[in-house]
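Some notes on the structure that comes next.
The values are calculated or read from the model by the stated rules, or taken from the named source; none is laboratory data. Nothing here was measured: the structure is a model prediction, and the numbers come from that model. Methodologically, a virtual Cβ is constructed for each residue, glycine included, from the backbone with ideal geometry; neighbour enumeration extends over all protein chains shown.
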Amino acid sequence: MKRRRFALGATATLAGLALVAGCGSSGQETATALTADAQAKAKELVAPYEGKPGAFPVTERLSSPVPAGTRIAYIDNGNALVSLIFRLMQPAAKELGVDLYAVRAGTSASGVQAAFSTVVQQRPDAVINTAIDPALWDNQRKQLIAAGIPVVSLGTVAPSSSGLVQPNGEAAFERQGRLQAAWLVANNDKSVEAVLYEHNELAYAAAVKKGFESELEKLCPDCTARVVQIPITEVGNKAPERIVSDLQAHPGTRAVVFQSSAVATGLPAKFKVAGLKDIQIVGANPLPTNLQYLKDKQGTVELGADLNTLAWTAVDTAARLIVGQELQPNVVKGDALVHQFLRPEDITFDPTRGFSAYPDVADRFKALWTR
């Protein structure tokens, strides 16, 4: 696959979202027909996530109840997604009978380190982190591991030697990239000139890019893909203008892929003003705003991630570590995230409540936790 790289900026954080809209295409004259074999392979990869979610991530029963008085610390740096995950964890913690409490951290390195230092002093039974890069709290990580306090880390890609348990780690994010690439091949007759907008401040950016580029190259050698950095600080403000300017400068682009669809907030209106259309937008981890865009047919497809099930999985993982139970292989591998491709017709639920692949998640975990 031919690759052209252009850097427009960068910074750090987390996120996720997916969308799919449109733009112009002047490079279609040079596009080559995709082989039936390539499309068949792409459709085979995509099929398990169309019209239904991936498999429920946890199937083994909790071996024993957590001890009375169990306390789990959660690091909350105020980011919207991080705070949302904490709220989604509350029912799970209540059901287990554990005290899940938040330790506030700022977005600065010093604020994060101070929060984790506080947790080290508190000595809870377990710690849960969401998307805060372990490199920012490496000393505290070592102290927690040395003290025998298990740490569940969501949305990070630290090596196994770190001692962190990452239910949705590198494997899940590579899968995201592979599925986004496969969707493009499965839904186009000709080779595609694509752009991947990423935030390299987010630890999982490299994993998404690796999955996307490797799968697109495998399925469509004649497709082209460039990678453009969008500073995380521009999400929710300047990002749509930056994206529109980039697409205007590259009129042959036929497909836009988002590492996180949060960056697309406000984009449909900017596309309309700029007269951009017929561009496929393949997002991931949609927010309620993106889901509304999709329902209104202002987008094509979203690779939804079930954050509610992930939140319950994180609490479940912490409980198993506390009682000394062996974890399921998919959790250890970092591939316990539920994905599903969403089209406009799939938004039959209230978008403001977000995407939930398993509305009965509470009952499923209760059954696993009941002796």
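Okay, here's what the table says:
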{"read-out": "From the options L287, L291, residue that is surrounded by 24 or more Cβ atoms within 10 Å (Cβ to Cβ) and either in contact with a strand residue (DSSP E or B) (Cβ under 6 Å, 6 or more places away or on another chain) or under 30 Å from P124 (Cβ atoms) (or both)", "value": "L287"}
{"read-out": "The lone exception for F355 - which of (1) buried (at least 17 other Cβ atoms within 10 Å of the Cβ); (2) over 20 Å from A55 (Cα atoms); (3) out of contact with any Ser or Thr (no Cβ under 7 Å at 6 or more places or on another chain) it fails", "value": "(2)"}
{"read-out": "The stretch 295-311 residues that are in contact (Cβ under 8 Å) with a residue 24 or more places away in the chain, paired with ones that are surrounded by 24 or more Cβ atoms within 10 Å (Cβ to Cβ) and hydroxyl-bearing (S, T, Y) (beta carbon under 6 Å, 6 or more apart)", "value": "G299/Y293"}
{"read-out": "Answer from L310, L337 - the residue that is among the aliphatic types (A, V, I, L, M), within 30 Å of S161 (Cα to Cα) and either assigned to a loop (DSSP other than H, G, I, E, B) or at pLDDT below 95 (or both)", "value": "L337"}
{"read-out": "Yes/no for V244 being assigned to a strand (DSSP E or B) and touching a helix residue (DSSP H, G or I) at 6+ places or on another chain (Cβ under 7 Å)", "value": "no"}
{"read-out": "Identity of the residue in the stretch 300-320, in contact with a strand residue (DSSP E or B) (Cβ under 7 Å, 6 or more places away or on another chain) and either surrounded by fewer than 19 Cβ atoms within 10 Å (Cβ to Cβ) or polar (S, T, N, Q) (or both), that ends up farthest from R61 (Cα to Cα)", "value": "T300"}
{"read-out": "Residue in the stretch 79-86 that is surrounded by 14 or more Cβ atoms within 10 Å (Cβ to Cβ), in contact with a strand residue (DSSP E or B) (Cβ under 6 Å, 6 or more places away or on another chain) and of a type in the set (F, W, Y) present", "value": "yes"}
{"read-out": "The stretch 170-182 residues that are under 15 Å from V301 (Cβ atoms), paired with ones that are of a type in the set (S, T, Y) (beta carbon under 7 Å, 6 or more apart)", "value": "L179/Y49"}
{"read-out": "Verdict on L342 being crowded, with 24+ Cβ neighbours inside 10 Å, among the aliphatic types (A, V, I, L, M) and within 22 Å of Q176 (Cβ to Cβ)", "value": "yes"}
{"read-out": "Residue among A186, A206, A172 that is among the aliphatic types (A, V, I, L, M), surrounded by 19 or more Cβ atoms within 10 Å (Cβ to Cβ) and either in contact with a Pro (Cβ under 8 Å, 6 or more places away or on another chain) or more than 24 Å from T32 (Cα to Cα) (or both)", "value": "A172"}
{"read-out": "Residue count for the stretch 38-77, restricted to those that are under 30 Å from Q122 (Cβ atoms) and within 18 Å of the chain's Cα centre (by Cα)", "value": "3"}
{"read-out": "Members of the stretch 126-147 found to be over 14 Å from A102 (Cα atoms) and not hydrophobic (A, V, I, L, M, F, W, C), listed by number", "value": "D133, P134, D138, N139, Q140, R141, K142, Q143"}
{"read-out": "Count of the stretch 61-79 residues which are closer than 16 Å to D133 by Cα and either in contact with a Leu (Cβ under 7 Å, 6 or more places away or on another chain) or outside any loop (DSSP other than H, G, I, E, B) (or both)", "value": "4"}
{"read-out": "Only one of T253, T233, T265 that is in contact with a Cys (Cβ under 9 Å, 6 or more places away or on another chain) and hydroxyl-bearing (S, T, Y)", "value": "T253"}
{"read-out": "Residue in the stretch 183-196 that is at pLDDT 95 or above, closer than 23 Å to A249 by Cβ, in a helix (DSSP H, G or I) and not polar (S, T, N, Q) present", "value": "yes"}
{"read-out": "Test: I243 is buried (at least 24 other Cβ atoms within 10 Å of the Cβ) and more than 18 Å from the chain's Cα centre (by Cα)", "value": "yes"}
{"read-out": "Filter result for L81 (of a type in the set (A, V, I, L, M) and either touching a His at 6+ places or on another chain (Cβ under 8 Å) or within 29 Å of F212 (Cα to Cα) (or both))", "value": "yes"}
{"read-out": "Test: L327 is in a helix (DSSP H, G or I), more than 18 Å from the chain's Cα centre (by Cα) and at pLDDT 95 or above", "value": "no"}
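Okay, residues lined up against (1) surrounded by fewer than 23 Cβ atoms within 10 Å (Cβ to Cβ); (2) assigned to a strand (DSSP E or B):
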position: G106; (1), (2): yes, no
position: Q113; (1), (2): yes, no
position: V120; (1), (2): yes, no
position: I132; (1), (2): no, no
position: W137; (1), (2): no, no
position: Q143; (1), (2): yes, no
position: V152; (1), (2): no, yes
position: T156; (1), (2): no, no
